[in-house]
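Beneath this line is the structure, given in structure tokens, with notes to follow.
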Amino acid sequence: MKKLIIASLILTAVAFQQSFAESGSFGFFGGLSTPSNKINDVYNSKTVRVNDTALANLISQGLDNGYYIGVKYGFKLNKNFTFFASIAYNSFPESEIIVVDPNDQTKVLTTLSTSTKIVPISAGLQLYPFHSIISPYIAGNLTYSYIYSTVNQKVMGVDVAVSKSPSYSRFGAGIGLGIDFDLKVIGLNLEGKYNYANLIGKTDNEQSKSYFTLGVGIVF
């Protein structure tokens, strides 16, 4: 399923690039995706500092709790507002079980892990107070998220999905802050966003699913 989603992202990227290259901007993005209950574990006094060690700790701790990749298309409506649409793939590791040989406790037979996947399809607006070489903005969007969980087995060092829970879809929203860097040939983007995956459509016993994303993008 993961390979299928990644392939879909690539195909979507090609389609957007061919269809909208002349009328808007198109980009790839990715970074850390952190469940709301793990935000303090990732973003704390040891990691939110300006030095090499803190940055390495932030990336390492962040990847242990989740990551995301995606594609995004933007269309400028006027000097202050830009419409955007995007699709992304979020993966959140949850638990890990190490299976050892009962006759030799030092010999690992296999490793089983569980993870939750969220694939949001989003549309929204970015508000720019001004445009320059560095252009800050506020972003807000609505999302339709495809959610499921998998059990993975490590085979030759690579996680392979061996089972998958029934999937379901929910409506949600996101709000965040970002900065565009205009490098003339290409653009760079830095964005942090808080996402609500299941604001609408939850069942009675369903827990709220929210997460924070912090990532970078390349814009063409």
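Could you tell me which residue of segment 174-190 is farthest from Ser91 (Cα to Cα), considering only residues that are open to solvent by 90 Å² or more (accessible area, probe 1.4 Å) and part of a strand (DSSP E or B)?
Step by step, filter segment 174-190, then rank; the result is Leu177.
Run down Gly124, Gly70, Gly66 and say which single residue is farther than 20 Å from Pro35 by Cα, at pLDDT 90 or above and open to solvent by less than 20 Å² (accessible area, probe 1.4 Å).
From the options Gly124, Gly70, Gly66, the qualifying one is Gly124.
Is it the case that Asn152 is over 17 Å from Pro93 (Cβ atoms) and part of a strand (DSSP E or B)?
In short, no.
So, in segment 73-96, how many residues would count as being open to solvent by 70 Å² or more (accessible area, probe 1.4 Å) and not in a strand (DSSP E or B)?
3
Looking at segment 61-115 only, could you name the residues that are among the small types (Gly, Ala, Ser) and under 16 Å from the mean Cα position of the chain (by Cα)?
Gly62, Gly66, Gly70, Ala85, Ser86, Ala88, Ser91, Ser115
So, in segment 145-164, exactly how many residues are open to solvent by less than 50 Å² (accessible area, probe 1.4 Å) and free of Cβ contacts under 8 Å to residues at least 24 places away in the same chain?
Total meeting the criteria: 0.
Just wondering, is there one or more residues in segment 106-117 that are small (Gly, Ala, Ser) and closer than 15 Å to Lys193 by Cβ?
No; the residues of segment 106-117 include none that is small (Gly, Ala, Ser) and closer than 15 Å to Lys193 by Cβ.
What are the pairs, 6+ residues apart or on separate chains, where a residue within segment 82-102 that is farther than 30 Å from Gln126 by Cα has its Cβ under 8 Å from a residue that is outside any strand (DSSP E or B)?
Close Cβ pairs (under 8 Å, with a partner that is outside any strand (DSSP E or B)) amount to Pro93/Asp64; Pro93/Asn65; Pro93/Gly66.
Does Ile134 satisfy the condition of being at pLDDT 95 or above, under 30 Å from Leu188 (Cα atoms), surrounded by 16 or more Cβ atoms within 10 Å (Cβ to Cβ) and not basic (Lys, Arg)?
No: the conditions fail for Ile134.
Rundown of residues vs (1) open to solvent by less than 30 Å² (accessible area, probe 1.4 Å); (2) under 23 Å from Asn40 (Cβ atoms); (3) of a type in the set (Val, Ile, Thr); (4) in a strand (DSSP E or B), yes/no style:
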{"position": "Pro166", "(1), (2), (3), (4)": "no, no, no, no"}
{"position": "Gly172", "(1), (2), (3), (4)": "yes, yes, no, yes"}
{"position": "Gly192", "(1), (2), (3), (4)": "yes, yes, no, yes"}
{"position": "Phe212", "(1), (2), (3), (4)": "no, yes, no, yes"}
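The rows are residues; the columns are (1) under 12 Å from Val71 (Cα atoms); (2) modelled with pLDDT of 95 or more; (3) open to solvent by 70 Å² or more (accessible area, probe 1.4 Å); (4) part of a loop (DSSP other than H, G, I, E, B).
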residue	(1), (2), (3), (4)
Ile6	yes, no, no, no
Leu9	yes, no, no, no
Thr12	yes, no, no, no
Phe16	yes, no, no, no
Phe26	yes, no, no, no
Thr34	no, yes, no, no
Asp41	no, no, yes, no
Ser45	no, no, yes, yes
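Quick one: count up the residues across segment 106-119 that are exposed (fewer than 11 other Cβ atoms within 10 Å of the Cβ) and at pLDDT below 85.
Selection size over segment 106-119: 1.
The values are calculated or read from the model by the stated rules, or taken from the named source; none is laboratory data. Please read these numbers as outputs of a predicted model, since none were measured by experiment. Note that we place each Cβ from the backbone using ideal geometry, even for glycine, and neighbour counts take in every protein chain shown. Areas reflect the complete protein model, heavy atoms only, side chains present, ligands, DNA and RNA absent. Shrake-Rupley method; radii C 1.70, N 1.55, O 1.52, S 1.80 Å.
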